[in-house]
Amino acid sequence: MILSDKRILEEIAKNTIKIEPFNRECLGSNSYDVHLGKYLATYKDKLLDAKKHNEITHFEIPEEGYILLPGILYLGVTQEYTETHAHVPFLEGKSSTGRLGIDIHATAGKGDVGFCGNWTLEISCKIPVRIYTGMPIGQLIYFPVDGEVEVKYNTKKDAKYSGQPNKPVESMMWKNNF
């Protein structure tokens, strides 16, 4: 079951869902449109290693836009800061974004109950495409949770992505024991 527009508004009023900034025009029938923030990042190294800290370089999207190129993984970020305290948020690409050949996440479309922060996007493209700060980039949908959550994400001591800032965050895989 996915929350409807009315239910999303009810949950915002109860502070179980927070979206900042919130614009009523971005609320769809059962989703909320999020927008591309002004920062992108790319990895410094061409070969990534899952056991090491792979560093990134941040840069701002210029006013005239930025051309994404195929074969490069870009990390982006949503303009919107969100909190979800009683639902599971899913971030999906908009159909208009997909029709430009842009994928906004490789595998990380699901958040956890208790996620608080801006969403880091794993952006790739099929063909070169110019993107802009503030363009609609995805949509959030919310699923109710069946049962009580024992430990919310924002209270876990080992939560690697809690409180994400308005800049993309690199993979923290290296913090895992394997």
*asked:* I want to confirm something. Restricting to the range 1-39 and keeping residues that are under 16 Å from the mean Cα position of the chain (by Cα) and β-branched (Val, Ile, Thr), which single residue is farthest from His87 (Cα to Cα)?
replied: Val34
*Select the strands (runs of 3 or more DSSP E) contained entirely in the range 1-67, then report the ones holding at least 1 residues which are touching a Gly at 6+ places or on another chain (Cβ under 6 Å), surrounded by 11 or more Cβ atoms within 10 Å (Cβ to Cβ) and on the phi > 0 side of the Ramachandran plot.*
none
*Determine if the range 91-106 includes at least one residue that is assigned to a strand (DSSP E or B) and farther than 22 Å from Ser171 by Cβ.*
no
_When you check Asp49 against the structure, is it farther than 30 Å from Ala13 by Cα and at pLDDT 95 or above, yes or no?_
yes
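Quick one: how many residues across the range 129-178 are β-branched (Val, Ile, Thr), under 24 Å from Gly98 (Cα atoms) and exposed (fewer than 15 other Cβ atoms within 10 Å of the Cβ)?
Residues flagged as β-branched (Val, Ile, Thr), under 24 Å from Gly98 (Cα atoms) and exposed (fewer than 15 other Cβ atoms within 10 Å of the Cβ) within the range 129-178 amount to 0.
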_Close pairs from the range 102-120: first under 21 Å from Ala41 (Cα atoms) and buried (at least 20 other Cβ atoms within 10 Å of the Cβ), partner at pLDDT below 95 and basic (Lys, Arg), Cβ under 9 Å, at least 6 apart_ = Ile104/Lys94; Asn118/Lys167; Thr120/Lys167
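The values are calculated or read from the model by the stated rules, or taken from the named source; none is laboratory data. Small disclaimer: the values here were computed from a predicted structure and weren't measured. Ideal geometry is used to build each Cβ from the backbone, glycine not excepted, and the neighbour counts take in all protein chains shown.
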